[in-house]
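Structure record follows, encoded as structure tokens.
The values are calculated or read from the model by the stated rules, or taken from the named source; none is laboratory data. None of the values given here were measured: they were computed from a predicted structure. As a convention, Cβ positions derive from the backbone with ideal geometry for all residues, glycine included, and neighbour counts pool all protein chains shown. Remember, those area values only see protein heavy atoms, side chains included, never the ligands or the DNA or RNA. Shrake-Rupley method; radii C 1.70, N 1.55, O 1.52, S 1.80 Å.
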Number of protein chains: 2
Amino acid sequence: MADYFGWDIGGVHLKAARLSAASGRASLATRILGFEIWRDPAALTSRLRSLRDARSGPHAVTMTAELSDVFPTRAEGVRTILGACAEVLPGPPRVLNLRGRLVTLDEALERPLEAAAANWMASAKLVALARREALLIDIGSTTTDIVPVRDGEPRPAGRTDTERLMAGELVYTGVLRTPPASLADTVPLAGGWCRVCPEHFTVMGDVYRVLGAITEEEYTVPTPDGRGRSRNESMARLARLVGADPATIGPTAVETMAHFLQERQVDQVARAIVQVRALWPGDPPSEAIVAGAGSFLADCAARRAGLTPIRLDALFPRLGGDDWSRAAPSAALAVLLAAETGDYRFTS
Amino acid sequence: MADYFGWDIGGVHLKAARLSAASGRASLATRILGFEIWRDPAALTSRLRSLRDARSGPHAVTMTAELSDVFPTRAEGVRTILGACAEVLPGPPRVLNLRGRLVTLDEALERPLEAAAANWMASAKLVALARREALLIDIGSTTTDIVPVRDGEPRPAGRTDTERLMAGELVYTGVLRTPPASLADTVPLAGGWCRVCPEHFTVMGDVYRVLGAITEEEYTVPTPDGRGRSRNESMARLARLVGADPATIGPTAVETMAHFLQERQVDQVARAIVQVRALWPGDPPSEAIVAGAGSFLADCAARRAGLTPIRLDALFPRLGGDDWSRAAPSAALAVLLAAETGDYRFTS
């Protein structure tokens with residue numbers, strides 16, 4: 001029996017995965033902890049400790065939290081985050097870089113920008129274990145990663161966040177934290193169009209609560225007004241997008257806004273998928289590998305872009321455990337560590 | 001010598017004006033206090049007290065702060081705000097309603113939604129003292145009001161925020177707090193287009209600091225990252241809009257983004273002006289009366305929409321004092337109270 005640990009240090013969630021492998025069988029256990037790093041960056045160490053497993057084994061880390069403006073520069077963010085990891089995780093932990101290599105902690109500290117925002121690379125490396133040609137679409141609470149895998153390797157057009165935003169490989173949109181005003185200037189209302197208020201009144205989590213696409217438990221980020229996650233409370237927040245209460249415009253109007261905003265988000269992701277596919281040399285794949293808390297949205301966007309969605313975990317029938325594709329980068333790191341030993345193969 | 005006091009209780013700023021009138025002369029003194037009501041609504045009373053003048057005279061109040069989501073409904077917000085005003089201001093104060101009438105405090109408490117978000121009506125009534133036909137454009141830190149004055153009266157197509165957003169008479173955009181991601185999905189970068197990150201990394205105040213359109217002192221709202229208001233600090237915040245630092249993309253790229261975002265905001269306001277003018281029966285006016293902390297932007301938008309801008313204070317040559325058009329609704333209430341007595345005329 002051997003254990004392998006993967007970590008994904010995001011700005012809003014910490015994700016930890018443990019792969020436990022025994023003869024011919026392997027199982028993944030993931031944990032996701034809501035943690036807005038900008039509220040208390042010094043608490044990272046204790047939060048990591050609370051997620052740490054009692055069992056021993058190698059650890060690997062990836063991150064996106066360094067983008068938070070609590071860090072004056074991204075390089076300083078990477079160093080701070082790796083410092084916390086080194087303090088809590090034994091080993092010391094390995095670190096994934098933007099080339100897809102698991103480097104030593106010292107190497108990562110020397111070239112921090114090569115370890116910044118690399119978590120998409122972990123999931124893409126995982127996909128590449130199972131498919132020579134594939135398009136990965138991972139939609140989380142805040143962002144969407146669209147990564148081409150060709151010839152059995154991740155082949156992104158961009159590596160840094162900025163390059164990836166330009167290429168369509170990173171779309172800064174997700175199913176919980178995204179402000180609806182970033183998706184539409186106007187929403188349909190009363191047979192016309194109403195301008196929106198770009199305040200922090202509501203987020204896409206409210207849209208998906210109103211539509212019944214997520215449960216209260218799946219709304220894993222703080223609500224903008226600190227109130228609850230019931231459908232009625234989400235309706236009230238969403239109505240403020242047009243400066244109204246549900247009582248004044250009626251629940252049907254709020255539901256119509258929610259449908260429209262979902263449609264805008266599907267469109268936004270589908271356009272990026274088409275942009276990424278447009279660079280494919282030769283025939284692009286007809287399948288999309290979908291993952292993340294927003295895999296339901298990835299599903300819709302993939303279909304709209306003409307691809308057949310397949311869930312990431314369906315590629316790995318030998319990997320049991322929980323719904324680990326929601327925490328894909330951390331799960332991927334655990335699998336990559338295990339695969340590195342050469343003792344394990346997870347694909348048929 | 002008589003004094004008249006006007007108050008505008010916004011969600012981000014409190015504005016107070018005192019009109020002091022003596023034989024044939026009058027002067028306005030205004031004060032603006034940054035106060036984000038959602039951070040500490042109970043502090044409203046003490047903040048109002050700190051702005052209160054020792055001199056006596058009638059007071060009138062208008063507000064927009066009830067839209068803040070710290071209040072479960074807008075009606076409850078109006079009642080809370082009026083409660084604080086009644087406690088601090090003698091009289092009791094009169095309250096402006098959406099019909100442009102200064103009603104008693106009791107009347108306002110009975111029909112709170114008629115007093116909600118009425119501050120634009122104060123400024124429009126003021127314009128109507130000087131012009132029978134005019135288009136008022138008041139751009140503040142957060143919002144823009146575009147109000148038609150016809151036959152010597154404000155003649156808006158909408159009264160509530162929602163109606164006004166639909167009519168183009170309210171555009172929820174301003175020169176300080178507006179998130180750039182509400183103005184553009186993509187910005188020009190490196191000869192291409194880069195998707196933006198709709199996080200609370202930067203605001204339009206940074207754009208106008210980078211462009212030199214406002215001073216550090218005119219950046220009267222908190223910065224998103226709590227850092228300073230120097231041009232370099234604004235550059236750093238703006239670069240995060242595309243997930244970058246100024247060091248990685250260079251200062252010229254950040255300046256280009258700022259120019260582009262200003263252009264998008266001018267366009268947004270100009271389109272609303274054209275929408276409002278399109279409803280004018282007969283010939284719309286060729287002048288725009290501009291006011292607010294963003295009057296420089298109102299100027300550009302008015303010209304783009306084919307109108308000649310004139311500053312609000314230029315309509316009232318007999319009214320001396322400070323740069324009161326930055327706090328137009330509160331100044332307007334003070335003038336309206338004085339004009340009501342019949343003893344004063346402020347136009348030639």
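Computed quantities for the displayed model
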item: Selection count, the range A:316-348, where residues are assigned to a loop (DSSP other than H, G, I, E, B) and open to solvent by 30 Å² or more (accessible area, probe 1.4 Å); result: 10
item: All positions within the range B:35-75 that are of a type in the set (D, E, K, R), within 13 Å of B:A16 (Cβ to Cβ) and either assigned to a helix (DSSP H, G or I) or free of Cβ contacts under 8 Å to residues at least 24 places away in the same chain (or both); result: B:R47, B:R49
item: One residue from B:V78, B:V12 being touching a residue at least 40 places away in the same chain (Cβ under 8 Å), surrounded by 21 or more Cβ atoms within 10 Å (Cβ to Cβ) and within 30 Å of A:P224 (Cβ to Cβ); result: B:V12
item: Matching residues, the range B:17-34, being open to solvent by less than 10 Å² (accessible area, probe 1.4 Å) and at pLDDT 95 or above; result: B:A17, B:L19, B:L28
item: Filter result (not in a strand (DSSP E or B) and not acidic (D, E)) within the range A:141-156; result: A:S141, A:T142, A:T143, A:G152, A:R155, A:P156
item: Some residue of the range B:86-95 being open to solvent by less than 60 Å² (accessible area, probe 1.4 Å), closer than 20 Å to B:L126 by Cα and away from chain A (no Cβ under 14 Å); result: yes
item: Complete set of residues in the range B:229-268 that are in contact with a strand residue (DSSP E or B) (Cβ under 8 Å, 6 or more places away or on another chain) and more than 12 Å from chain A (Cβ to nearest Cβ); result: B:T256, B:F260, B:L261
item: Residue list for the range B:167-183, restricted to those being over 13 Å from the mean Cα position of the chain (by Cα) and polar (S, T, N, Q); result: B:S182
item: Matching residues, the range B:326-348, being closer than 22 Å to B:A115 by Cα and among the small types (G, A, S); result: B:A327, B:A328, B:S330, B:A331, B:A332, B:A334, B:A338, B:A339
item: Of residues in the range B:163-207 being among the small types (G, A, S) and more than 7 Å from chain A (Cβ to nearest Cβ), the one surrounded by the most Cβ atoms within 10 Å (Cβ to Cβ); result: B:G205
item: Exclusive hit being assigned by TED's automatic domain parsing to the domain that holds B:S27 and either among the hydrophobic types (A, V, I, L, M, F, W, C) or closer than 15 Å to B:V175 by Cβ (or both), set B:A302, B:A291, B:A331, B:A298; result: B:A331
item: Residue in the range A:290-311 that is within 14 Å of another protein chain (Cβ to nearest Cβ), at negative phi and not aromatic (F, W, Y) present; result: no
item: Neighbours by Cβ (under 9 Å, 6+ apart or cross-chain): first from the range B:286-315, surrounded by fewer than 21 Cβ atoms within 10 Å (Cβ to Cβ); second in a helix (DSSP H, G or I) and of a type in the set (F, W, Y); result: B:F296/B:Y208
item: The one condition in (1) under 19 Å from A:L67 (Cβ atoms); (2) open to solvent by 60 Å² or more (accessible area, probe 1.4 Å); (3) in contact with a helix residue (DSSP H, G or I) (Cβ under 9 Å, 6 or more places away or on another chain) that B:M235 fails to fulfil; result: (2)
item: Residue, modelled with the lowest pLDDT, within the range A:70-84, restricted to residues that are within 11 Å of chain B (Cβ to nearest Cβ) and touching a helix residue (DSSP H, G or I) at 6+ places or on another chain (Cβ under 6 Å); result: A:R74
item: Among (1) surrounded by fewer than 24 Cβ atoms within 10 Å (Cβ to Cβ); (2) out of contact with any strand residue (DSSP E or B) (no Cβ under 7 Å at 6 or more places or on another chain); (3) farther than 30 Å from B:D145 by Cα - the single one A:T142 does not satisfy; result: (1)
item: Test for A:A108: is it in the same structural domain as A:A128 (by TED's automatic domain parsing) and in contact with a Ser or Thr (Cβ under 8 Å, 6 or more places away or on another chain); result: no
item: Hey, B:A2 without any contact (Cβ under 8 Å) to a residue 60 or more places away in the chain and in contact with a helix residue (DSSP H, G or I) (Cβ under 8 Å, 6 or more places away or on another chain) or not; result: no
item: Residues satisfying the stated conditions in the range B:160-176, i.e. farther than 23 Å from A:P179 by Cβ and not in a helix (DSSP H, G or I); result: B:E169
item: Residue that is under 14 Å from B:P329 (Cα atoms), touching a helix residue (DSSP H, G or I) at 6+ places or on another chain (Cβ under 9 Å) and outside any helix (DSSP H, G or I), where the choices are B:R99, B:R31; result: B:R31
item: A:G226 within 14 Å of chain B (Cβ to nearest Cβ), open to solvent by 10 Å² or more (accessible area, probe 1.4 Å) and more than 26 Å from B:C194 (Cβ to Cβ); result: yes
item: The one condition in (1) over 16 Å from the mean Cα position of the chain (by Cα); (2) more than 12 Å from chain B (Cβ to nearest Cβ); (3) in contact (Cβ under 8 Å) with a residue 40 or more places away in the chain that A:G212 fails to fulfil; result: (3)
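Here's the yes/no breakdown for (1) touching a residue at least 24 places away in the same chain (Cβ under 8 Å); (2) closer than 20 Å to A:G34 by Cα; (3) outside any loop (DSSP other than H, G, I, E, B):
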| site | (1), (2), (3) |
| --- | --- |
| A:K125 | yes, no, yes |
| A:G158 | no, no, no |
| A:T178 | yes, yes, no |
| A:W193 | no, no, yes |
| A:G205 | yes, yes, yes |
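So that you can scan it fast, the table gives a plain yes or no per residue for (1) buried (at least 21 other Cβ atoms within 10 Å of the Cβ); (2) under 20 Å from the mean Cα position of the chain (by Cα); (3) under 19 Å from B:A181 (Cβ atoms):
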| position | (1), (2), (3) |
| --- | --- |
| B:R240 | yes, no, yes |
| B:G243 | yes, no, yes |
| B:A247 | no, no, no |
| B:P251 | no, no, no |
| B:V254 | yes, no, yes |
| B:M257 | yes, no, yes |
| B:Q265 | yes, yes, yes |
| B:V269 | yes, yes, yes |
| B:L279 | no, no, no |
